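Working notes, beginning with the structure itself.
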Amino acid sequence: MSVPNFPPPRDIDLTNPFWEATDQGELRLPACSVCGAFQWYPVPGFACHPEATRHWREVAHTGTVFTFSKVERAFLPFGSEPPYTLILVALDDVDNARLVTVLVGDDQDSVAIGSRVELSPTVFETHTLPTFRLSA
Amino acid sequence: MASVAIVGVGESEWGRSVDRPLDELILDACRLAIADAGLQGHDIDGFVPCTPHPAADELAASLGAKRSFTVKPGLEAGAGTVGAALLAEMMIEKGLAKNVLVYFGYKGSKPGGPYSYHAEDPVKAAFEMPFGWYGQPVYFAMWAQRYCHDYNVDPATFADIALSARAWAQLTPGAQKAKPLTRDGYFEAPMVATPMRTLDCCLISDGGAAYVISSVEQARDLAKAPVLVGGVGVGSTEMTMGSIFSQNRPDPLRFGALESSAMAYAKAGISAKDVDFAQIYDCFSISMVLQLEEMGFAERGAGAAFCSLDRIGPGGSFPINTNGGHLCYSYLPGMNHVVEAVRQVRGERGDAQVSRKSVCAIGGLGGNDHATLVLTEDR
Ligand SMILES: [Zn+2]
């Protein structure tokens, strides 16, 4: 099993705060600066509060697997060596947002929908990928 | 009552890789569609391009059309090519055009393939690609996994969809994947992303396709029996194109097909029970299943089991994707389904002809967009 190493774009204001946070070991998602509602993925404006700005709120480092797939083909132009296991994580205490990520750890073949997972970052030279592992 | 009909259809040569410019392939398809209708280039006075190139003015000049009035769908992929019929209908009903040419072409063999389109979306490039969540098979595999979990479906059930597509393709000249396939053969096919195998995924194709829509009155004077546009519907969800494959919705396995089919059936004055056969956008086996449930052909969660070879395959009681679809015939999103539906309703399909051919429903998916088109015999 591997973890794709495909550096994210770092020059886009709409998305880069996510990667600045992961470099610090944090997990932050964009939210309305007035009411705190998460907006994932970010779009230019907030329907709840038109006057709001985008505030990157720290979120839980734990969650539940919503769905998963063991990817056995390479689709990225470079940086991936299948197989690897993708999971979609419903983060604890975050409504209306799921995190796309990669499952790490020797026990990953036992993943199932509903499995509990926790943050276990993978550090590359260019970026830190907020990968997750199965919780004990 | 239908006001317009599809009067001509055309497909260029196609295949895994065709070494000719895309514009040429599209022009071939347009000429064939116009000739199929018994019309000439100068009869075309409205255009619905479902592709950026060629622009309608250049195509019009190539065909000898005298004007190039154009309406473009904002819908994507299969939703665009199927939903284009709605724009053509509006153009004709409003008196803006008499004979509208809908055209599309695609080079799946281009560098980066069908995946590269998604790399252009900033949120997908930032929040999905770095994790290797990339390539349409990956998105749909995750949905298939969730579907099997929620409805207690054995992924082996999907085999029949591949077997049916292959059986239809064997009866269809030019189909890209027409070698015999056994059930064991399906399970021997490599896994792409669990639970989906290569044979659950659509082809890659180069080619062009087109259709012509005219008023019903005019259609009755043309070369072939008109195929009436009973109704067209469009739908979408509250998600964006970037987030549709991963994010939260009240019901994450829902497309806009519930909305689009209800609209199309209401316009046609039918219900799902009145549909004789269907062409449903099969970029993947799971996407066809999810749409056919929303289109009312099976209960939620029962769609995979509904798609048994003896029901949807040749000779079955509810034929689906009767040329082999995008899995085995060609992948010109949605267009192959429209062309096939027209040929079936006309009774032109020889060994693959369905016995009950009065009403066909076509489902076209494009990310967050969906279109349903109901075609009927002129009775
Ligand atoms: Zn707000």
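The values are calculated or read from the model by the stated rules, or taken from the named source; none is laboratory data. Model, not experiment: these values are computed from the prediction. Cβ sites come from the backbone with ideal geometry, for glycine too, and all protein chains shown count toward neighbours. These accessible areas exclude ligands, DNA and RNA; they are computed on the full protein's heavy atoms, side chains included. Shrake-Rupley method; radii C 1.70, N 1.55, O 1.52, S 1.80 Å.
Quick one: check the C-alpha center-to-center distance for region B:313-328 versus region B:89-131, whole angstrom. Cα centroid to Cα centroid, the span is 25 Å. Shape of region B:177-285 from its Cα gyration tensor (a ≥ b ≥ c, root eigenvalues): rounded if a/c is under 1.5, otherwise prolate when a/b > b/c, or oblate? Taking the square roots of the gyration eigenvalues as a ≥ b ≥ c, region B:177-285 is oblate. The loop-placed GluC sites (Glu not before Pro) in region B:217-306, going by DSSP, that have at most 12 neighbouring Cβ atoms within 10 Å of their Cβ come out as B:Glu238, B:Glu299. Note on the protein assembly as shown: with charges restricted to the Cβ of Lys and Arg (+1) and Asp and Glu (-1), its dipole about the Cα centre is near 1000 debye.
Do the alpha carbons of any pairs in B:Lys72/B:Lys107; B:Lys110/B:Lys224; B:Lys94/B:Lys273; B:Lys98/B:Lys357 sit beyond 25 Å of each other, and which pairs? With Cα atoms farther than 25 Å apart: B:Lys110/B:Lys224; B:Lys94/B:Lys273; B:Lys98/B:Lys357. So how far, in whole Å, is the C-alpha centre of region B:1-58 from the one of region B:212-261? If you average the Cα positions of each part, the centres end up 20 Å apart. Net charge dipole, region B:12-73: roughly 140 debye, given to the nearest 20, about the Cα centre with Cβ charges of +1 for Lys and Arg and -1 for Asp and Glu.
Considering only B:Thr182, B:Thr237, B:Thr172, the Gaussian network model of chain B with Cα springs below 10 Å gives its largest mean-square fluctuation to B:Thr182. Largest mean-square fluctuation among B:Asp369, B:Asp351, B:Asp282, in a Gaussian network model of chain B whose springs join Cα atoms under 10 Å apart, belongs to B:Asp351. Region A:28-76 and region A:86-126 have their alpha-carbon centroids 14 Å apart.
For chain B, a crude dipole built from +1 on the beta carbon of Lys and Arg and -1 on the beta carbon of Asp and Glu, taken about the Cα centre, is about 300 debye to the nearest 20. Accessible surface calculations at 1.4 Å, restricted to protein heavy atoms, place chain B at 34 Å² per residue.
Just tell me how shielded A:108-117 is by partners: mean number of partner chain Cβ atoms within 10 Å of each residue's Cβ, no decimals. Taking all residues of A:108-117 together, the mean is 1. The chymotrypsin sites (Phe, Trp or Tyr not before Pro) found in region A:70-136 that occupy coil by DSSP, while having at most 13 further C-beta atoms within 10 Å, are A:Phe78.
Between B:Val232, B:Val275, B:Val192, the Gaussian network model of chain B with springs among Cα atoms under 10 angstrom shows the greatest mean-square fluctuation at B:Val192. Note on A:Glu81 and B:Glu13: their simple-model spin labels are 4.2 nm apart, each label 7 Å out from Cα toward Cβ.
I'd like the orientation of helix B:77-93 relative to chain B: the angle between its Cα long axis and the longest Cα principal axis, in ° from 0 to 90, rounded to 10. Roughly 30 degrees between the two axes. Peptide B:141-153 has a mean shielding of 4, counted as Cβ atoms of other protein chains within 10 Å of each residue's Cβ. With the simple spin-label model, which puts each label point 7 Å out from Cα in the Cβ direction, the B:Ala189 to A:Ser110 separation comes to 3.3 nm. With a/c under 1.5 counting as rounded, go ahead and sort region B:1-156 into rounded, prolate or oblate using the C-alpha gyration tensor (a ≥ b ≥ c being the square roots of the eigenvalues; past the cut-off, prolate if a/b is larger than b/c, else oblate). Prolate, because a/c is 1.5 or more and a/b exceeds b/c. Inter-chain neighbour count for A:15-21: the average number of beta-carbon atoms from partner chains within 10 Å of each residue's beta-carbon is 2. Sparsely packed loop sites in region A:8-72 (the GluC sites (Glu not before Pro) outside DSSP H, G, I, E and B with at most 11 other Cβ atoms within 10 Å) comprise A:Glu51.
When restricted to Cα atoms, chain A yields an Rg and a Dmax of 15.4, 47 Å, respectively. Calculate what fraction, in whole %, of the accessible area of the protein assembly as shown sits on carbon and sulfur atoms when a 1.4 Å probe is rolled over the protein chains. Roughly 51 percent, rounded to a whole number.
Interface area, chains A and B: about 3200 Å² of buried accessible surface, summed, with a 1.4 Å probe and ligands, DNA and RNA left out.
Modelled label positions at B:His42 and B:Lys179, each set 7 Å beyond Cα in the direction of Cβ, lie 5.1 nm from each other. The residues of region A:16-134 present an accessible area of 44 Å² per residue when probed at 1.4 Å with all protein chains retained.
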